[in-house]
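In what follows, a structure is listed as structure tokens, so that the remarks can point back to it.
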Amino acid sequence: MTAPFTFALNTSTIRCGQITLEEKIEVASQAGFDGIEPWVSEIDAYVKGGGRLRDLARRFRAGGLNVVNLIGFFEWAAPDEALRKKGLAEARRCFELAERLDCRNVAAPPWGIHTTPGLNLFEIAERYAKVIDLGRDYGV
């Protein structure tokens with residue numbers, strides 16, 4: 001019988017010391033998790049350190065882990081158009097990473113609005129629709 005949901009480790013829960021993403025994958029696998037939720041910043045550090053995304057994807061699979069969600073906040077909802085444009089570019093990059101890691105979900109809270117009271121929620125909903133449409137292009 002298949003479980004009704006997947007147990008996944010959000011890698012920020014073990015962000016103590018200098019634990020690498022590779023070590024977090026090993027911990028999640030050994031602990032019996034079905035999935036993992038890495039942060040974009042961890043993937044960026046892995047690649048900056050010489051790692052390749054295809055090797056990272058193999059490592060996830062070898063550990064029996066599905067990448068169930070990629071976490072990277074981008075300012076898609078910001079009231080400032082320049083910030084939103086930059087945020088959508090970062091969203092595109094995150095969606096591309098997710099696609100390459102066979103991940104169908106990316107965290108997309110309305111980052112960029114928490115310090116601006118009185119925003120029009122209908123405008124924010126329209127901005128979110130653009131994020132959703134963009135994500136579809138990447139299977140997210």
**OP:** Could you give the DSSP H helices of the chain that reach 20 angstrom or more along their long axis (alpha carbon positions) and whose average Kyte-Doolittle hydropathy is no lower than -0.5?
**Re:** 121-136
Original post:
Long-range amide H contacts for N10: which residues qualify at under 5 Å (H placed 1.01 Å from N, peptide plane, sequence gap of 5 or more or a different chain)?
Top reply: E37
**OP:** Calculate one ³J(HN,Hα) per residue across region 101-115 by plugging θ = phi - 60° into the Karplus curve 6.51 cos²θ - 1.76 cosθ + 1.60, and present them in order as whole Hz with x for glycine and proline.
**Re:** 9, 6, 10, 9, 9, 9, 4, 9, x, x, 4, x, 10, 5, 10
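At 222 nm, what value in deg cm²/dmol follows for the chain if DSSP H runs of at least 4 each add -39500 (n - 2.57) and the sum is divided by all its residues, to the nearest 500? The partial results should precede the final answer.
Values: 5 runs with 65 residues, N = 140.
-14500 deg cm²/dmol, from helical runs alone.
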**OP:** Tell me which residues come under 5 Å, amide H to amide H, from N66 once H is placed; ignore anything under 5 positions away on its chain.
**Re:** G35, I36
Subject >> Normalised per residue, the volume of the convex hull around the Cα set of the chain (Å³) >> reply: 137
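FYI, it's all coordinate maths here, none of it is from the lab. Nothing here was measured: the structure is a model prediction, and the numbers come from that model.
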